[in-house]
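Q: Could you have a look at this structure, given as structure tokens, before my questions?
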């Protein structure tokens, strides 16, 4: 039996502590907050999108950085094994659109409670309000940690401190500091799965408007297409958000650091241009004696109508029967290409995950052990791993945490 210290009581840390204890080790779980899983509480808007119910092979397609590094972790403890573990510990689950898995209760606290039950059964020593200052390393081996009050010695240390997204939950980059002190390299962290800011101020008038079933395309200023997908987005007082835009942020992160990007929204992706033109022609014919501003409301949500009228270049008071063919065609084009200039991403305070982190080339993918320091392990968001929204990032945390704990014996 070894003594194992796990730093951080988030998703990766709780799973690592469970796994290490299941392996017959004496485990101490150190958490600087007043409770475990503080960030897990706020995931999925408080509902906790705990994983995704996709096939394991499809899972890797949703990982944006270093998917091959995850093969051992995912195959050893996949999304189905995670679901079974949570259900067995008293939290029934359900699967929603897009394979997103949530607790039946819609309360993230029930996921935490399931892990707390498991930790208690395994007699894990949980110490809250305990901030780790540094890792004790002697002769190339991890020997324990220094806390504010005392040194705690161990045979192995697992760092599960998260990234720097949502710093109010305790993700303040401590893990990078520990890793750097141990000789590891850090890929510069940046916010991911985060809303965009736009140059256009009209978004303030659209704030709160959700567009469903739209297609978004993002290109560079030179015209290179870098993202295209279909789904739901949301306007905010500063720009755009929602699932479609959060996923886009993960894909275009590197590009937007270099300059503004162009977002083009297809409001009617189910129609061809010819079909939409016929629809508008019919609408104009039915409303030919009305003013333009009073004839097109059925095409858009109420908040969007004034924006589309303004952008069309057609005078709002113009009679529909006076609208030219060129004006109509421009209006149809506008519905296929409602454009906004994406100027920047919002900060870490609003980012769901951190892009970047400890270089995975310096970590053994079969065990999560450092290649530089024996007995030092890393798991979860502290590593240079990130994926699209939909439960994939939490599964990375569960799987890497499990792998780290299960290889200490």
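The values are calculated or read from the model by the stated rules, or taken from the named source; none is laboratory data. Since the model is a prediction, treat every value here as computed from it, not as a measurement. Cβ placement follows ideal geometry from the backbone for every residue including glycine, while neighbour counts extend to all protein chains displayed.
Q: Just one of 369, 409, 350 is within 30 Å of residue 23 (Cα to Cα), in contact with a strand residue (DSSP E or B) (Cβ under 9 Å, 6 or more places away or on another chain) and either surrounded by fewer than 20 Cβ atoms within 10 Å (Cβ to Cβ) or assigned by TED's automatic domain parsing to the domain that holds residue 60 (or both); which is it? Spell out the reasoning first.
A: Numbers: 409 fails: in contact with a strand residue (DSSP E or B) (Cβ under 9 Å, 6 or more places away or on another chain); 350 fails: within 30 Å of residue 23 (Cα to Cα).
One residue alone meets the criteria, 369.
Q: Additional query: In the set 305, 272, which member is within 18 Å of residue 216 (Cα to Cα) and either under 40 Å from the mean Cα position of the chain (by Cα) or in contact (Cβ under 8 Å) with a residue 40 or more places away in the chain (or both)?
A: On the way: 305 fails: within 18 Å of residue 216 (Cα to Cα).
Of 305, 272, the one residue that is within 18 Å of residue 216 (Cα to Cα) and either under 40 Å from the mean Cα position of the chain (by Cα) or in contact (Cβ under 8 Å) with a residue 40 or more places away in the chain (or both) is 272.
Q: Between a first residue in the stretch 161-181 that is on the phi > 0 side of the Ramachandran plot and surrounded by fewer than 20 Cβ atoms within 10 Å (Cβ to Cβ) and a second residue that is assigned to a loop (DSSP other than H, G, I, E, B) and modelled with pLDDT of 90 or more, which pairs have beta carbons less than 6 Å apart while being 6 or more apart in sequence or on different chains?
A: Close Cβ pairs satisfying both conditions: 170/32; 170/33.
Q: Identify all residues within the stretch 110-125 that are under 18 Å from residue 26 (Cβ atoms) and surrounded by fewer than 19 Cβ atoms within 10 Å (Cβ to Cβ); write none if there are none. So that I can check it myself, show each step before the final result.
A: Quick first cut of the stretch 110-125, residues under 18 Å from residue 26 (Cβ atoms) only: 118-125.
Result: 120, 121, 122, 123, 125.
Listed here are the residues, each with its yes/no results for (1) at pLDDT 95 or above; (2) over 20 Å from residue 376 (Cβ atoms); (3) over 25 Å from the mean Cα position of the chain (by Cα).
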{"site": "9", "(1), (2), (3)": "yes, no, no"}
{"site": "12", "(1), (2), (3)": "yes, no, no"}
{"site": "28", "(1), (2), (3)": "yes, no, yes"}
{"site": "36", "(1), (2), (3)": "yes, yes, no"}
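Q: Within the stretch 254-269, is there a residue that is within 20 Å of residue 353 (Cα to Cα) and surrounded by 18 or more Cβ atoms within 10 Å (Cβ to Cβ)? Can you show your working first?
A: In the first step, residues of the stretch 254-269 are kept if they are within 20 Å of residue 353 (Cα to Cα); the result is 254-257.
Those still in the list that are surrounded by 18 or more Cβ atoms within 10 Å (Cβ to Cβ) too: 255-256.
Yes, the stretch 254-269 contains a residue that is within 20 Å of residue 353 (Cα to Cα) and surrounded by 18 or more Cβ atoms within 10 Å (Cβ to Cβ).
Q: Ok, one more. Identify, by number, the condition in (1) out of contact with any helix residue (DSSP H, G or I) (no Cβ under 9 Å at 6 or more places or on another chain); (2) assigned to a helix (DSSP H, G or I) that residue 249 doesn't meet.
A: Condition (1) is where residue 249 drops out.
Q: For the stretch 90-109, name all the residues that are without any contact (Cβ under 8 Å) to a residue 40 or more places away in the chain, surrounded by fewer than 19 Cβ atoms within 10 Å (Cβ to Cβ) and either within 28 Å of residue 24 (Cβ to Cβ) or in contact with a strand residue (DSSP E or B) (Cβ under 8 Å, 6 or more places away or on another chain) (or both). Quick ask: steps written out before the conclusion?
A: Quick first cut of the stretch 90-109, residues without any contact (Cβ under 8 Å) to a residue 40 or more places away in the chain only: 90-92, 94, 96-97, 104-105.
Remaining after also requiring surrounded by fewer than 19 Cβ atoms within 10 Å (Cβ to Cβ): 90, 92, 94, 96-97, 104-105.
Within the stretch 90-109, 90, 92, 94, 96, 104 qualify.
Q: What number of residues within the stretch 66-80 are within 19 Å of residue 102 (Cα to Cα) and surrounded by 13 or more Cβ atoms within 10 Å (Cβ to Cβ)?
A: First, pick out the residues of the stretch 66-80 that are within 19 Å of residue 102 (Cα to Cα): 77-80.
From the residues that got through so far, the ones that are surrounded by 13 or more Cβ atoms within 10 Å (Cβ to Cβ) too are 77-79.
The total comes to 3.
Q: Please go through the stretch 1-48 and give me each residue that is assigned to a loop (DSSP other than H, G, I, E, B) and crowded, with 24+ Cβ neighbours inside 10 Å, ordered by number.
A: Listed by number, the residues that qualify are 8, 9, 10, 31, 37, 48.
Q: On the basis of being part of a loop (DSSP other than H, G, I, E, B), in contact (Cβ under 8 Å) with a residue 12 or more places away in the chain and closer than 19 Å to residue 262 by Cα, does residue 200 make the cut?
A: Yes, satisfied.
Q: Right, here's the next one. Within the bounds of the stretch 232-239, is there any residue that is under 30 Å from residue 7 (Cβ atoms) and more than 19 Å from the chain's Cα centre (by Cα)?
A: No; the residues of the stretch 232-239 include none that is under 30 Å from residue 7 (Cβ atoms) and more than 19 Å from the chain's Cα centre (by Cα).
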